Each structure stands twice: as structure tokens, then as C-alpha cells.
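K.L.:
There's a structure below that I have some questions on.
The values are calculated or read from the model by the stated rules, or taken from the named source; none is laboratory data. Values in this document were obtained by computation on a predicted structure and should not be read as measured data. FYI the Cβ positions are ideal-geometry reconstructions off the backbone, even for glycines, and counts take in every protein chain you see.
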Amino acid sequence: MRRVLTALVTALLGASLLTGSPAQAALQLYGVTITRDVPITLADGTILRANVHAPADPATGKPAPGPFPVVVGLTPYGKSMSAGATGGHGGLNPYLIKRGYLGVVVDVPGTGGSQGNSELFGPDETAASVQVIDWAARLPASTGKVGLLGHSYLAIDQLFAAAAVGKGSPLKAIFPMSASADPYRDLFVSGGAINLESSIGLLLAYTGTRTLTPLAERYTDPIDALNLFLRHLAQVGAFEGATLLDVLRDGPRRFDGPYWRERAPVNVLSKIVENDVAVFGVGGMYDVFQRGMPLVYSGLQNAAAGRPVHAPMVAGQRVSPKYQMLFGPWTHGEIGAGANLDELQLRWFDHWLKGIDTGVTGTRTPLRVIEPGGARYEAATYPVDPDTTSRLHLRAGDRLSPQPPAAQEKPDTLVFTGLSNPCGRSIDQFAAGLFSGPAHAAGRTIPCVDERPAIELPKPLELSYTTDPLAGPMRLAGPVGLTVHARSTQRETMFVVRLESVAPDGKAVELSGGALLGSMRATDPAKSWPSMPYHRLTADSRQPVTPGKLTRYDIEVRPVFATLPAGHRLRVTVGTGDVPHLIPPPTTATSLLGGVYEVHHDRAAASWIDLPVVIR
């Protein structure tokens with residue numbers, strides 16, 4: 001599978017980009033020497049610790065004189081662990097060091113071997129990142145030019161740092177893989193429902209590593225290691241404890257607000273453009289940040305074109321090769337699998353940090369897509385075809401039809417259970433590909449994840465609406481929105497949506513999903529797109545559901561980049577749960593239990609799905 005994807009990416013990105021120029025082919029390959037636990041003293045006296053990986057004479061092992069550009073990784077997961085991460089995911093890529101780069105990996109404040117307070121993308125963490133960048137630019141063997149590299153948390157930190165460095169900074173380019181536009185919406189909630197699986201995953205990865213890694217990072221000073229461990233452990237209450245309490249008692253962090261807005265990179269993308277920092281992002285259709293990475297791309301392009309960051313791009317919009325994205329059929333743990341990320345990073349940083357013409361900016365279509373199944377194409381905008389939103393209507397008889405209802409149709413009954421069919425993709429997706437990753441690496445597929453048997457929960461536990469077999473291929477490339485008109489017997493509702501491609505034999509491939517807690521249905525028109533409702537999700541935007549009242553629910557479905565073959569059918573399934581991925585907030589339980597919904601699809605109260613169909 002990885003070999004196939006490598007071939008596809010090579011064809012997609014072009015030989016000049018992946019094979020390199022003659023000058024690059026003739027580059028000397030260095031060895032690598034490592035200096036561990038280098039102290040970085042911040043302006044407030046806080047000491048961070050870094051590992052510096054430098055090019056070395058391959059014959060003697062002594063550091064090469066340089067000077068070299070510097071690529072920095074900012075990690076909460078332990079800087080020594082980065083050495084084992086492939087493709088630069090951990091903020092360090094030996095492939096770059098061997099080709100003339102200094103590689104610096106730093107424990108962010110309050111993690112690993114570094115002092116300070118852990119903030120989860122807070123302002124002090126960003127300020128520390130800026131100081132690290134300036135420190136790296138002044139290293140004795142540095143050219144003074146700096147790039148940033150890394151995956152997930154490290155990718156998000158890159159965006160905040162690039163927005164904070166100011167104009168004329170040593171930071172010239174970043175390479176964020178699997179970044180979030182808005183961690184609150186991308187990771188912690190889905191339409192107000194709690195993303196339990198990703199939250200637990202973050203606690204295990206973030207809390208565990210940031211508190212335990214001092215014992216490994218400061219192994220030369222066991223007393224200091226123990227002190228750091230105890231200090232990091234004492235901070236667990238500031239984020240994990242406070243967030244858990246807020247979820248349980250409807251506190252501030254359960255809702256969108258100042259805390260989460262300060263941690264949403266989408267709000268600082270215009271600053272990245274102002275600071276003239278180049279960005280190459282990599283995202284995945286089955287990533288936990290499936291929603292967010294494309295919004296980072298469109299936001300940067302909009303900012304570069306002088307348009308609102310939160311708006312959809314428009315047809316014919318001017319785009320800049322300074323902001324690029326590769327989006328493929330990857331989970332969080334597989335981002336870039338099969339693509340030659342080593343070469344992509346080398347071409348990107350060689351251009352921006354060394355001034356080498358690698359051809360990386362010679363494109364008018366800086367959005368590159370690899371679909372599930374291998375189809376690939378290039379585009380300029382997100383959505384790919386902004387002018388062609390296609391609407392299909394939920395109809396009687398379980399149909400999904402382009403024709404709106406012309407008369408009264410009997411509504412469908414949906415009973416709240418909070419449960420779901422356990423045979424689905426979401427369990428694996430929001431566990432960061434925990435199950436599919438090893439299988440895919442071995443060239444195998446996973447039942448229920450890669451292809452689901454034709455087993456559905458019966459009515460009224462779920463409702464499914466399916467198109468006729470497609471007469472021709474249908475390419476979807478962008479966000480999806482489902483609108484449902486429904487009545488409820490209770491003061492709260494919860495809708496969970498699944499979008500699938502169904503083969504002629506009945507087997508289904510899950511494309512995407514979404515959810516909405518009924519009381520959080522209020523949208524912000526200024527940030528909503530034709531096929532992507534933007535929910536306010538604030539405490540003061542709550543609207544209790546009135547029992548018996550016909551109510552409109554606009555549900556955001558995460559974006560899709562896939563082509564349905566002719567003969568396949570598109571299916572929309574509406575349920576009330578997705579365990580263990582999603583759970584309702586505990587305070588809503590009594591308002592949900594016993595709920596019975598009438599889903600309407602008649603002329604007076606239609607229900608429909610808006611799809612980002614590409615017509616070209």
C-alpha cells in the first residue's frame with residue numbers, strides 16, 4: 001500500500017519536486033552528532049532543554065563547520081522520543097540533517113526536561129517558542145534562518161509561533177502535519193457532543209508523556225528529573241482536571257469561549273501571512289483533524305488574497321504557492337504514509353531556507369489531493385469547486401433524491417438510545433488509527449474500518465436514506481452540511497450522521513460523519529458556508545428544544561475528498577450515538593433519555609444534505 005501511494009504522490013507532485021535538482025543530488029551526505037539537554041534560558045528565567053542534532057564529518061564524527069539553516073521541533077512528548085519518529089513527525093528528521101541542516105528539538109514549557117507551566121497552546125508557550133526560534137538562529141553553526149517541523153501538537157505550535165514571530169523574523173517556513181484549525185471543534189466536541197475517544201487519547205499521550213518524560217530526559221541528573229516530574233504532575237489539575245470538571249458541571253471550558261479561542265490557530269492565520277512565513281501542510285481524510293487542516297489552507301490563502309479568513313474560497317481566486325497542502329487517505333497516525341515526506345520537506349526548506357530553486361513554488365494549484373482508492377488531482381481552492389453545491393433530499397421510502405418533496409410525506413421515527421453500530425470507522429479514526437495503522441503498514445485491510453458489511457441498525461434506532469445507483473462518478477471535495485427538520489418529545493436532542501459510499505454488493509465505505517446536540521444548534525451566519533454550518537457553541541447560545549415544536553437542525557459533516565464510482569450509491573444515516581467516539585454532556589442526560597424524534601421530509605418541512613460536488 002505504501003509503495004502504491006509513493007508512486008501516486010510522485011506522479012501527483014511531479015518528478016522535479018520529488019527527485020530534486022542536480023545540485024541537490026550532488027549534496028554531501030553528512031553524519032549526525034547530538035548534543036543533549038542544551039539549556040535555553042528564557043527572558044523570565046525559565047530554562048528549557050533542547051537536543052541539538054548537527055551535521056558531522058562522516059569520517060571523523062566531528063561537527064561540520066557549516067553554517068546551516070536550523071529546523072526546530074517544539075514537542076510536549078519528550079525530545080528524545082523524536083529520534084524514533086519517521087518523516088519528521090516528532091519535529092526531527094535525520095534526512096534533513098544529513099543534507100545540511102541543524103535539527104533542534106525542544107521540550108515545550110512544563111514538559112520533559114523543561115521548566116515552566118504546561119498550557120496546551122497557551123500564550124506563554126507561544127512566547128517561549130518565539131524565543132527558541134531566535135536562540136536557534138544564533139547558534140554558532142547557524143545561517144540565521146529557521147524552519148519548524150512536526151506533527152499534531154507540534155504542528156499546532158508551529159502555527160502559533162509563525163503568527164507571533166513578527167516581521168523580519170529568522171523563521172521563514174514551516175511544515176505542519178495534521179494541524180488543527182480549532183482544537184475545540186476539531187478535537188474536543190462535535191456539534192456540542194463530547195468527543196470522548198480523542199479526549200482520552202490526548203490525556204494518555206499528552207498527560208502521560210509530559211509528566212513521565214523528565215525521568216528519561218534528565219537521566220544524568222536524577223534529582224532534577226524527580227523534581228521536574230513532581231512539578232509537571234502537579235499541573236495536571238490546571239488543564240485536565242479543570243476541563244473535566246467543566247464538562248461535568250457545564251463550566252466555561254465545556255463551551256467555546258475565550259479559553260478555546262485563544263487556542264484556535266484559525267484566529268491567527270492572517271498574522272502568519274503578515275509575517276511572510278511559508279506553510280506546507282499535510283492532512284488526512286480519516287485524521288482526527290479531518291475538519292481542521294483544509295480550513296488552515298483556505299484561511300491562509302484567503303488572508304494572502306485579502307479576503308476574510310473564515311470564508312470559503314471563491315472560484316478564480318488568486319492563490320499563493322507560499323501556502324500549500326497535501327491531503328490524503330490517512331489517519332492521524334498514518335499522515336503522509338506512502339508519500340515521500342523526506343523529499344517534500346527537503347524541497348520546501350531548501351527553497352525557503354537555502355534559496356535553492358527546487359520547483360516547489362512553481363504551481364498554480366497548491367492543493368494536492370490523494371483520494372481513497374488512489375485517484376489524485378490538483379486544485380487551487382477549498383472547496384475545490386466553490387460554485388457547485390449539490391442538494392439531495394431525504395425522502396419517504398428511505399430515499400435520497402435530487403427531487404424535493406412535492407407533497408406531504410409521513411415523517412420517520414427515530415428513538416434516542418445514544419448507541420451506534422460498533423462496526424464503523426469512527427472508533428479507529430478517533431483513536432488516531434490505532435487499529436488500522438499496523439494493518440495498513442502490513443498491507444492488510446481492517447473489517448468495519450476499510451469496508452463495512454451490509455449490516456444496519458433497524459428503524460427506529462437509525463434512519464438511512466440512499467440514492468439510486470449513480471449513472472456516473474460523483475466526486476466530492478469539501479465540507480458537507482445536513483439539514484433536518486424534526487420534532488422531539490424531550491427538551492434535548494442529539495443527532496449523529498454517517499456518510500457512506502455503498503457498493504452494488506451492499507458493502508459500504510464510510511466517508512465522513514458529524515453530530516449536533518440540539519441545544520447547541522445556533523449558527524453564526526458570518527462564518528457558515530453553503531455546505532458547512534458554523535455553530536456558535538457558546539454558553540449563551542444554548543437554545544433548549546421545545547417538545548413537540550418542529551425545529552430546524554443544521555449539522556456539520558466533516559469534509560470529504562472522494563469519488564463514488566458509477567453504480568455505487570450515496571447513503572446518509574442519521575442516528576443518536578457514536579460510542580465510544582461521542583457522548584452527550586452528562587448534564588444533558590435526563591433531557592435526552594426517552595426522547596422520540598419525528599424526522600420530517602415534506603414540502604412544508606424538508607430535510608436535505610448539501611454536497612461539495614465537483615463538476616468538471
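K.L.:
Consider only pairs whose beta carbons are under 6 Å apart and that are at least six residues apart or on different chains; among these, list those whose first residue lies in segment 463-486 and is on the phi > 0 side of the Ramachandran plot and whose second residue is part of a strand (DSSP E or B).
P.N.:
G478/P559; G478/P612
K.L.:
Among the residues of segment 412-425, are any over 24 Å from the mean Cα position of the chain (by Cα), surrounded by 15 or more Cβ atoms within 10 Å (Cβ to Cβ), of a type in the set (G, A, S) and under 27 Å from A315 (Cα atoms)?
P.N.:
Checked segment 412-425: no residue is over 24 Å from the mean Cα position of the chain (by Cα), surrounded by 15 or more Cβ atoms within 10 Å (Cβ to Cβ), of a type in the set (G, A, S) and under 27 Å from A315 (Cα atoms).
K.L.:
Look through L394, L419, L457 and report the one residue that is under 21 Å from V599 (Cβ atoms) and touching a Ser or Thr at 6+ places or on another chain (Cβ under 7 Å).
P.N.:
Details: L419 fails: touching a Ser or Thr at 6+ places or on another chain (Cβ under 7 Å); L457 fails: touching a Ser or Thr at 6+ places or on another chain (Cβ under 7 Å).
One residue alone meets the criteria, L394.
K.L.:
So F121 fits all but one of (1) part of a helix (DSSP H, G or I); (2) at positive phi; (3) aromatic (F, W, Y); what number is the exception?
P.N.:
(1)
K.L.:
Let me ask something additional. Residues that are in a helix (DSSP H, G or I), in contact (Cβ under 8 Å) with a residue 40 or more places away in the chain and either surrounded by fewer than 19 Cβ atoms within 10 Å (Cβ to Cβ) or out of contact with any helix residue (DSSP H, G or I) (no Cβ under 9 Å at 6 or more places or on another chain) (or both): does segment 229-240 have at least one? Steps first, answer last, please.
P.N.:
As a first pass, look at segment 229-240 and keep what is in a helix (DSSP H, G or I): 229-234, 236-240.
From what is left, the residues that are in contact (Cβ under 8 Å) with a residue 40 or more places away in the chain are 231-232, 238-239.
Next, from what is left, pick out any that are either surrounded by fewer than 19 Cβ atoms within 10 Å (Cβ to Cβ) or out of contact with any helix residue (DSSP H, G or I) (no Cβ under 9 Å at 6 or more places or on another chain) (or both): 231, 238.
Looking through segment 229-240, at least one residue is in a helix (DSSP H, G or I), in contact (Cβ under 8 Å) with a residue 40 or more places away in the chain and either surrounded by fewer than 19 Cβ atoms within 10 Å (Cβ to Cβ) or out of contact with any helix residue (DSSP H, G or I) (no Cβ under 9 Å at 6 or more places or on another chain) (or both).
K.L.:
Is it the case that segment 502-524 has a residue that's hydroxyl-bearing (S, T, Y), surrounded by fewer than 19 Cβ atoms within 10 Å (Cβ to Cβ) and in contact (Cβ under 8 Å) with a residue 60 or more places away in the chain?
P.N.:
no
K.L.:
Would you check if there is a residue in segment 189-202 being touching a strand residue (DSSP E or B) at 6+ places or on another chain (Cβ under 9 Å), at pLDDT below 95 and either surrounded by fewer than 20 Cβ atoms within 10 Å (Cβ to Cβ) or not assigned by TED's automatic domain parsing to the domain that holds V130 (or both)?
P.N.:
Yes, segment 189-202 has at least one match.
K.L.:
Further question: Scan segment 46-64 for residues that are surrounded by fewer than 18 Cβ atoms within 10 Å (Cβ to Cβ) and among the hydrophobic types (A, V, I, L, M, F, W, C) and jot them down.
P.N.:
The first filter runs over segment 46-64 and keeps only residues surrounded by fewer than 18 Cβ atoms within 10 Å (Cβ to Cβ), leaving 46-47, 57-62.
Across segment 46-64, the qualifying residues are I47, A59.
K.L.:
Considering only segment 1-116, give the helices (runs of 4 or more DSSP H) lying wholly within it that have at least 3 residues that are at pLDDT below 90. Spell out how you get there, then give the answer.
P.N.:
On the way: elements: 2-13, 15-19, 22-25, 94-97.
Output list reads 2-13, 15-19, 22-25.
K.L.:
Can you tell me which residues in segment 473-485 are of a type outside the set (A, V, I, L, M, F, W, C) and closer than 16 Å to A503 by Cβ? Give the derivation first.
P.N.:
Narrowing segment 473-485 to residues of a type outside the set (A, V, I, L, M, F, W, C): 473, 475, 478-479, 481, 483, 485.
Answer for segment 473-485, where residues must be of a type outside the set (A, V, I, L, M, F, W, C) and closer than 16 Å to A503 by Cβ: just P473.
K.L.:
Does V545 qualify as being buried (at least 18 other Cβ atoms within 10 Å of the Cβ), within 22 Å of the chain's Cα centre (by Cα), at pLDDT 95 or above and within 15 Å of T588 (Cβ to Cβ)?
P.N.:
Details: buried (at least 18 other Cβ atoms within 10 Å of the Cβ): yes; within 22 Å of the chain's Cα centre (by Cα): no; at pLDDT 95 or above: yes; within 15 Å of T588 (Cβ to Cβ): yes.
Considered against the rule, which asks whether it is buried (at least 18 other Cβ atoms within 10 Å of the Cβ), within 22 Å of the chain's Cα centre (by Cα), at pLDDT 95 or above and within 15 Å of T588 (Cβ to Cβ), V545 comes out as no.
K.L.:
So which residues in segment 457-497 are more than 27 Å from T523 (Cα to Cα), in contact with a Lys or Arg (Cβ under 9 Å, 6 or more places away or on another chain) and not hydroxyl-bearing (S, T, Y)?
P.N.:
Listed by number, the residues that qualify are D468, P469, L470, R475.
K.L.:
Right, next: Does G166 qualify as being within 22 Å of G299 (Cα to Cα), under 21 Å from the mean Cα position of the chain (by Cα) and either assigned by TED's automatic domain parsing to the domain that holds F349 or modelled with pLDDT of 95 or more (or both)? Let's see the steps before the verdict.
P.N.:
On the way: within 22 Å of G299 (Cα to Cα): yes; under 21 Å from the mean Cα position of the chain (by Cα): no; either assigned by TED's automatic domain parsing to the domain that holds F349 or modelled with pLDDT of 95 or more (or both): yes.
Answer is no for this residue.
K.L.:
Residues of segment 354-374 being under 21 Å from the mean Cα position of the chain (by Cα) and acidic (D, E), which ones?
P.N.:
E371
K.L.:
Of all the residues that make up segment 395-416, how many are part of a strand (DSSP E or B), closer than 24 Å to V613 by Cα and out of contact with any Pro (no Cβ under 7 Å at 6 or more places or on another chain)? Lay out the reasoning, then the answer.
P.N.:
Step one: of segment 395-416, the residues part of a strand (DSSP E or B) are 395, 399-401, 412-415.
Imposing the further condition that a residue be closer than 24 Å to V613 by Cα reduces the set to 395, 399-401.
When the remaining residues are screened for being out of contact with any Pro (no Cβ under 7 Å at 6 or more places or on another chain), the result is 399-401.
Final tally of qualifying residues: 3.
K.L.:
Ok, one more. Which of (1) assigned to a loop (DSSP other than H, G, I, E, B); (2) crowded, with 20+ Cβ neighbours inside 10 Å does L392 not meet, given it meets every other one?
P.N.:
Of the numbered conditions (1) assigned to a loop (DSSP other than H, G, I, E, B); (2) crowded, with 20+ Cβ neighbours inside 10 Å, the odd one out for L392 is (1).
K.L.:
Could you please find all residues in segment 289-318 being touching a Lys or Arg at 6+ places or on another chain (Cβ under 7 Å) and surrounded by 24 or more Cβ atoms within 10 Å (Cβ to Cβ)?
P.N.:
Across segment 289-318, the qualifying residues are Q290, R291.
K.L.:
D157 fails exactly one of the following numbered conditions: (1) under 19 Å from S82 (Cβ atoms); (2) at pLDDT 85 or above; (3) surrounded by fewer than 24 Cβ atoms within 10 Å (Cβ to Cβ); (4) not hydroxyl-bearing (S, T, Y). What is the number of that condition?
P.N.:
The failed condition is (3).
K.L.:
Given (1) assigned to a loop (DSSP other than H, G, I, E, B); (2) in contact with a strand residue (DSSP E or B) (Cβ under 6 Å, 6 or more places away or on another chain); (3) closer than 23 Å to Y534 by Cα, identify the lone condition not met by P460.
P.N.:
Failing condition for P460: (3).
Table: residues versus (1) under 21 Å from Y206 (Cβ atoms); (2) under 21 Å from the mean Cα position of the chain (by Cα); (3) of a type in the set (D, E, K, R).
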site: P67; (1), (2), (3): no, no, no
site: V70; (1), (2), (3): no, no, no
site: S82; (1), (2), (3): yes, yes, no
site: A85; (1), (2), (3): yes, yes, no
site: G100; (1), (2), (3): no, no, no
site: V105; (1), (2), (3): yes, no, no
site: V108; (1), (2), (3): yes, yes, no
site: G113; (1), (2), (3): yes, no, no
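K.L.:
State yes or no: is T538 among the β-branched types (V, I, T), surrounded by fewer than 22 Cβ atoms within 10 Å (Cβ to Cβ) and in contact (Cβ under 8 Å) with a residue 60 or more places away in the chain? Quick ask: steps written out before the conclusion?
P.N.:
On the way: among the β-branched types (V, I, T): yes; surrounded by fewer than 22 Cβ atoms within 10 Å (Cβ to Cβ): yes; in contact (Cβ under 8 Å) with a residue 60 or more places away in the chain: yes.
Taking the combined requirement at face value, the residue satisfies it.
K.L.:
Looking at D250, D276, D246, which is the one that is without any contact (Cβ under 8 Å) to a residue 24 or more places away in the chain and either under 30 Å from D428 (Cα atoms) or out of contact with any helix residue (DSSP H, G or I) (no Cβ under 6 Å at 6 or more places or on another chain) (or both)?
P.N.:
Details: D250 fails: without any contact (Cβ under 8 Å) to a residue 24 or more places away in the chain; D276 fails: without any contact (Cβ under 8 Å) to a residue 24 or more places away in the chain.
So the residue among D250, D276, D246 that is without any contact (Cβ under 8 Å) to a residue 24 or more places away in the chain and either under 30 Å from D428 (Cα atoms) or out of contact with any helix residue (DSSP H, G or I) (no Cβ under 6 Å at 6 or more places or on another chain) (or both) is D246.
K.L.:
Something else about it: Among the numbered criteria (1) among the polar types (S, T, N, Q); (2) out of contact with any helix residue (DSSP H, G or I) (no Cβ under 7 Å at 6 or more places or on another chain); (3) modelled with pLDDT of 85 or more, which one does T209 miss?
P.N.:
Against the list (1) among the polar types (S, T, N, Q); (2) out of contact with any helix residue (DSSP H, G or I) (no Cβ under 7 Å at 6 or more places or on another chain); (3) modelled with pLDDT of 85 or more, T209 comes up short only on (3).
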